[in-house]
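Accompanying notes for the structure given below.
What follows is calculated from the coordinates using simple rules that are stated; it is not laboratory data. Since this is a predicted model, take the numbers as computed values, not measurements. Counting neighbours? That spans all protein chains shown, and the Cβs are built from the backbone with ideal geometry, glycine included.
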Amino acid sequence: MDSTEIKILQTAITLAIFLFIRILVVRIINKTVRKNILHKTRGKIIKKIFAIVFTSIAIYFISTIWGVDQSELLLYFVSALTVLGIALFAQWSHLSNLTSAIIIFFTHNVRLDDTISIIDRDFEIEGRVSDISFFFIRLRTAEGDEVILPNNVFMQKMVKKHYGKQV
């Protein structure tokens, strides 16, 4: 076998290992979501994060197999992260919303389909939580309207959770 065939074989083995580990992790996440009665949306987010991490690792290994210089590869990843960091810093509100989304995901007791009231001095909002994303929380009101709140604003407001009440 020549060197190209060996590289193709190593790439195929790397991809097979990557897919096996990814399938295994997805099954573990699904089992944990069912066992701990977590909402499926949380499982989807965790699976997306693992997919990004595993794909980055697989790209790194495949690049190494094909002879990409590791210092150049590291320079590329550092440059990409630097550009991303500057872009997020330039858009401070996006970074604030993203950080708030992480806090809401791990610590806040509001979940999808919960009926809540956001208590504000000027305007009180009551509705059912229809979506929690990386930047916004969407509420569906009793009138059928949709209210979209940035995560950082949601974190700053007092929230009243209604048990047993459907909007």
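Annotations
- Spin-label pair Leu19/Met158, simplified geometry with 7 Å Cα→Cβ offset, distance in nm: 5.6 nm
- Each Lys and Arg adds +1 at its Cβ and each Asp and Glu adds -1 at its Cβ; summed about the Cα centre, the range 1-84 shows a dipole of about 1100 debye.
- Contact order relative to length of the range 105-162, as percent, for alpha carbon pairs under 8 angstrom and 6 or more apart: 33 percent
- The range 105-162 shape via C-alpha gyration tensor axes, a/c threshold 1.5: rounded
- Charging the Cβ of each Asp and Glu at -1 and of each Lys and Arg at +1, and nothing else, the dipole of the chain about its Cα centre rounds to 880 debye.
- Spatially close Lys pairs in the chain, defined by Cα atoms under 23 Å apart and a spacing of eight or more places or different chains, total 11.
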